[in-house]
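Here the structure is laid out as structure tokens; the discussion comes afterwards.
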Amino acid sequence: MATLTAKERTDFTRSSLRNIRTSGHVPGIIYGKDTGNKPVSLDSVELIKTLRDEGKNTVITLDVSGEKHSVMVTDLQTDPLKNEITHADFQVVNMSEDIEVEVPIHLTGEAIGVKNGGVLQQPLYALTVKAKPKAIPQTIEADISNLDVNEVLTIADLPAGGDYSFNHESDEVVASILPPQQQETAEIDEEESADAQPEGENKEQ
């Protein structure tokens, strides 16, 4: 479990937030049912490195002046122009209690139906997973290799482990393969449009 050092914030003015960010730090807040809200700041590079190496759903130990909190990142605000994290929310977690988090779905393999000209549709890109903090996966792998045209992959087909469960209906569709788009109708319409000419056209003058 990665440990990051954070400082408690007491100045909430805009100038203070600006100074925190320009100094290479990220303002954030720690919250929990037994913790309340605790504004903090921490090193931006260290936070980004931890999330990149461990994953967004990893449990982090935040050391705030010697007081340690087991937390998970629940929200990251970013500046799209600068591509920088501008604020982070950290939820205190109990390592022995189940929590629910969003976990991204990663489709693997190339579907048979796609090879045959079908079109892949993915209505779900993330799943709500219930588990103890350390058992939460970083991604849910969904193999679509055997998926053919007019077939669907549902929640029931996913490899749920004994350490976590999905908070979804078992028949909810994760991915499907639609038939190849039919061009006949479009071609017929195009031919009819080409054949149709304005009244009086091509008549001798």
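Nothing in this text is a laboratory measurement; each read-out follows from the coordinates by a stated rule. The structure presented is a predicted model; accordingly, all values stated were derived computationally and were not measured. All Cβ positions, glycine included, derive from the backbone under ideal geometry; neighbour counts span all protein chains shown.
Overview of results
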{"read-out": "Label-point separation, T154 to L76 (7 Å along Cα→Cβ), nm", "value": "3.5 nm"}
{"read-out": "Net charge contributed by nearby residues that have their C-beta within less than 14 Å of K115 (K/R +1, D/E -1)", "value": "-3"}
{"read-out": "Tensor-based shape of the range 128-186 (alpha-carbon gyration tensor, a/c under 1.5 rounded, otherwise prolate or oblate)", "value": "prolate"}
{"read-out": "Two-site label geometry, E172 and A126: point separation in nm, points 7 Å out along Cα→Cβ", "value": "1.3 nm"}
{"read-out": "FRET efficiency, T10 to K68 (Cβ-Cβ, R0 25 Å, nearest 0.05)", "value": "0.80"}
{"read-out": "Residue-count net charge about P159 - beta-carbon cut-off 11 Å; Lys, Arg +1, Asp, Glu -1", "value": "-3"}
{"read-out": "Within-11-Å neighbourhood charge of Y31 [Cβ basis; K, R +1; D, E -1]", "value": "-1"}
{"read-out": "Among 159-167, 145-153, the order from most to least packed when residues are scored by Cβ within 10 Å on average", "value": "145-153, 159-167"}
{"read-out": "Label-point separation in nm, D89 to T22, each point 7 Å along Cα→Cβ", "value": "2.9 nm"}
{"read-out": "Proximal lysines to K134, defined as alpha-carbon separation beneath 16 angstrom and excluding residues fewer than eight positions away on the same chain", "value": "K56"}
